[in-house]
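Here, each number is a calculation from the coordinates, and none is a lab measurement. Computed from a predicted structure; not experimentally measured. As a convention, Cβ positions derive from the backbone with ideal geometry for all residues, glycine included, and neighbour counts pool all protein chains shown.
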Amino acid sequence: MKKVYLFAEGNKNMINLLGGKGGNLSEMKSIGLPIPEGIIISTEACKEYYKNERVLSTELKKEILEQIDKLEKLTGKSFEGEHPLLVSVRSGAPVSMPGMMDTILNLGMNDETAKKMIEIFKDEDFVYDLYFRFIQMFSEIVMGVEKELFFKLREKLKGRLSNLELINKAKIMYWEETGEFFPESAKEQLFMAINSIFKSWENERAKVYRRINRIDDSMGTAVVIQEMVFGNLNEKSGTGVAFTRNPSTGEKNIFGEYLLKAQGEDIVAGIRTPEAIERLREELPDIYEEFVKIACILEKHNKDMQDIEFTIEDGKLFLLQTRNGKRSPYAAIKIAVDMVKEGLLTKEEAIMKVDPAVLPQLLHGNFEPAALKNATLLGKGLAGSAGVAIGRVVFASERVHTKEMTILVREETSPEDIKGISLAQGIVTVKGGATSHGAVVARGMGKCCVTGCGDIKIDDIRREMTINGYTVKEGEFISISGYTGEIYLGKVGLTKPQFDDNLKEFVSWCKEIKRLGIRMNADTVTDAQLGKGFGAEGIGLCRTEHMFFQKDKIWTIRGMILSHDTDEVARALEKMHQLQREDFYNIFKVVENDVVIVRLLDPPLHEFLPKEQKDKEKMAEILGVSLEEIERRVRNLKDENPMLGHRGCRLAVTRPELYNVQARAIIEAGIQCKREGLDVKPEIMIPLIIGAKELLFIKKNLITEIEKVFEEQGMRIDYKLGTMMETPRACLLADEIGAEVDFFSFGTNDLTQTTMGLSRDDSVKFMPEYYENGILKVEPFATIDERGVGKLVKLAVELGRKNPHIEMGVCGEHGGDPKSIEFFEQVGLDYVSCSPFRVLVAIVAAAQSHI
Ligand code: ADP
Ligand code: MG
Ligand code: MG
């Protein structure tokens, strides 16, 4: 199979084979743009190189030399010939991995070549500059010699030695550092360079980059060998980088930088400060005009904002690279909308251009890049919940106040921290991963959160923490980034949040196109208002227990759980009934004429019980029993394994009155709304079902209670009864269960735990090794495990659809994850439900997965 291609033999559909750089160079050549000639060694050759114990095979070398021959004919130049050919040897993977691999310029240079070039260019300084740069880059990239050594050498000897003497010193240094002579033969240089570029595919930083960005390790890199053009030749030469639109704001203006009399690396190296591209219009007006024209052509051709590298040699423009430019989320939306208005993209194409994962950033703002540069980095944890926050450090939830901007720093968070979390600007935990309690809750509330920052040591007594040598006392300011997991000392400056007209328009297109319904997970009026503002179509999950932690409600619940006196229990139940009815009424009113799915009580009762001594004492007083008695009752309710313990609908089997009271509150609130002219659609959801018999037992109780309410109120309303699907058994028996309910809602958090037998909170301890060793590709609590958990979902959907009226959705964390949404679209769910701050992500992802 052919492994080495001329530019003329490729195009941009061959990017998997030729890499992004090579494919795009070929494409540019084919549409007639000024591109220095070149050849491309394919990614297949790279794969073979790795199979072949990292040596270039004789056949490959032969094929390379044959194509070099053609390159020499095309350019009219040759290695070590009268008109010497110099080339760049450039890495280029199918997926852009900026800065991860290497490029060598001016290859082919040796003493003979230098002499001939001096005759041609009549400029000794220029030629020896090329030569020195080549030795430096080759040494660094092929042999791993520090490039600083060469900078120092040049600095030290500048003006004291002739050009040739300087080159000889550089070669001596090469010999001292590597123990080998600098290779003089152009072909030897070439093979060594190709070898090292292939090898750079497996360097540590490239591997880490691929792991983080989930890029396939087996893809390999292509190598581009391209005739050099010289931006450092004279004052009418230069090099630059430009975007066809502003990558930060999206504005339609060429945006970029250039340097005259310079080679490509100089801009990045930061030795000289580049000029803004507008100045080129004055310095080299013809070139500027030509560049703008080409930029336009490329943008139209590739239908996307382009990031272009160019070089000017003696007043002639060459393009060296183009690719779709990276951009801020803000720019991404503006560019997508503008391109539709310009007629360049259809709405569908524009929607596909935006990565939904970056959208939450638009709603939170971010740290100003300039401010970040001067900030003191204290440490780094995991990016738990997108956004940034600035506040005073507080180590206990009860010390978080609305008056102050605070950041709650905890060893780990528990449901009792809800209040603290809701009041704090941001959350930091020492333990736990990106799906730990703190992160889930923080995301739900749109709070920024950094989790698993193991470098922090909290000293609760002194109320301070130490982190990487710094000590931060309670009350001091820190700034945290939920995008990167970074924690800074003091206050870092912010950019503004931007929910603007472009975003609104973009989202409206997505809504037209998508099929899946997008609901929100909302437990409070505030959440519901927020999610509605972002475009949620009703509530897919309203968790009642979160209401219990508000205000003084918790004591009512505790009383109900711990009391043995039937009158006392009845009183507590009645109180709970009233509180919940009011809560539901308020939420129904926000949602107006849409669906609200209320999940009945789910966590083990033990979670609500007092843990601190003073709370237990208070409880004893309220119930009029001894402290020992309270402690005994609390102990009795404790599960050995709470995740699989006495929770979910198990509670309703042992204590039916709990669910009955909740159902009553829901229906009464619904009737009240209907009396006020609202058309609410309450749906009652039973969690953690394991089979149809269990369901029927509970359903019978609920219906009896609901009928009683209808009778008392002299009025009926429409309601639905459904189950969460979060145990494997329920999925396997979904036909039996489906026949008895109006809807299924896949609780994929618990379904992942129960299917995989992994606890979400504990798995962070060992999961990293699973990814490093390639045992698992993605985090199953963030993106649905399609092969395993997804198979159960698929099966349950098929079985459940035997009931033609059944409605199906998902309400786990996966409901806000783009990759998972694609899967839910495929298996034919009716809706996804996610936290208010993920609603936009879900709308866009749903549209994309339907296109
Ligand atoms: P990266 O992938 O890191 O951007 P490149 O292969 O694009 O590396 O090379 C970096 C820079 O080197 C280019 O932007 C360009 O300025 C310069 N360069 C590469 N090849 C050539 C060439 N054939 N002629 C002139 N300059 C080149
Ligand atoms: Mg480049
Ligand atoms: Mg659950």
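The table below gives the values:
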| item | result |
| --- | --- |
| Candidate lysines - alpha carbon under 17 Å from LYS700, same-chain residues fewer than 8 apart omitted | LYS708, LYS720 |
| Cross-link table LYS373/LYS777; LYS122/LYS261; LYS447/LYS511; LYS699/LYS794; LYS12/LYS504; LYS3/LYS187, entries beyond 22 Å C-alpha to C-alpha | LYS373/LYS777; LYS447/LYS511; LYS699/LYS794; LYS12/LYS504 |
| Rounded to whole Hz, the Karplus (6.51, -1.76, 1.60) HN-Hα couplings of segment 231-236, x for glycine and proline | x, 9, 5, 7, 5, 9 |
| Segment 206-293, Cα convex hull volume normalised per residue, Å³ | 160 |
| Amide H within-cut-off set for ASP459, under 5 Å, with H built and near neighbours excluded | GLU464, MET465, THR466 |
| Label-to-label distance, nm, for residues given as LYS73 and ASN13 (7 Å Cα→Cβ offset) | 2.7 |
| Mean Cβ neighbour count within 10 Å, used as a protection proxy, ranking 213-220, 479-486, 63-70 highest first | 479-486, 63-70, 213-220 |
| Relative counts (whole %) of C-alpha pair distances in segment 667-793, using bins that are 10 Å wide | 12, 32, 24, 18, 10, 3, 0 |
| Label-zone membership for segment 478-515, site GLU411, 7 angstrom Cα→C-beta point, backbone N under 13 Å | none |
| Net charge, GLU486 excluded, C-beta distance under 15 Å - Lys, Arg +1, Asp, Glu -1 | +1 |
| Spacing of the two label points (7 Å from each Cα toward its C-beta) at LYS794 and ASP286, in nm | 6.2 |
| Charge dipole (the chain, unit charges on Cβ, about Cα centre) - positive-most of ALA350, LEU503, GLY747 | GLY747 |
| Most positive-pole-ward Cα, GLY240, ALA170, GLY559, against dipole of the chain from beta carbon charges | GLY559 |
| The chain: calculated mean residue ellipticity at 222 nm from DSSP helix runs of at least 4, using -39500 (n - 2.57) | -14000 deg cm²/dmol |
| Whole-number Å³ per residue for the convex hull built on Cα positions in segment 568-685 | 121 |
| Listed residues ASN803, LEU605, SER763: farthest to the positive end of the dipole of the chain (Cβ charges) | LEU605 |
| Pairs of Cα atoms farther than 12 Å apart, segment 629-677, % | 73 |
| Amide proton proximity set for GLU476, modelled H, under 5 Å, gap of 5+ | VAL393 |
| Point-to-point label distance, SER508-ASN641, nm (Cα→Cβ direction, 7 Å offset) | 5.4 |
| Exposure proxy ranking, count of Cβ atoms within 10 Å, fewest first, for MET685, MET405 | MET405, MET685 |
| Highest average packing first - 336-342, 537-543, 55-61, Cβ atoms within 10 Å | 537-543, 336-342, 55-61 |
| For segment 598-606, 3J(HN,Hα) per residue [Karplus equation, 6.51 cos²θ - 1.76 cosθ + 1.60, θ = phi - 60°, Hz, x = Gly/Pro] | 9, 8, 6, 2, 10, x, x, 4, 3 |
| Stokes-Einstein diffusion coefficient of segment 707-851, Kirkwood radius over Cα pairs, 25 °C, 0.890 mPa s, in µm²/s | 150 |
| Fraction of alpha-carbon pairs over 46 Å apart in the chain - percent | 38 |
| For the chain, share of DSSP beta bridges that run antiparallel, in % to the nearest 5 | 60 |
| Computed over the chain: relative contact order in percent, which uses C-alpha pairs under 8 Å that are six or more apart | 9 |
| Packing-based ranking, highest mean first, of 657-665, 221-229, 9-17 given that Cβ atoms within 10 Å are counted | 221-229, 657-665, 9-17 |
| Cβ-placed point charges (K, R +1; D, E -1), dipole of segment 343-435 about Cα centre in debye, nearest 20 | 240 |
| Theoretical FRET efficiency, 1/(1+(r/R0)^6), r = Cβ-Cβ of GLU82 and GLU124, R0 22 Å, to 0.05 | 0.75 |
| Rg(Cα)/(2.2 N^0.38 Å) for segment 147-201, N = residue count | 1.33 |
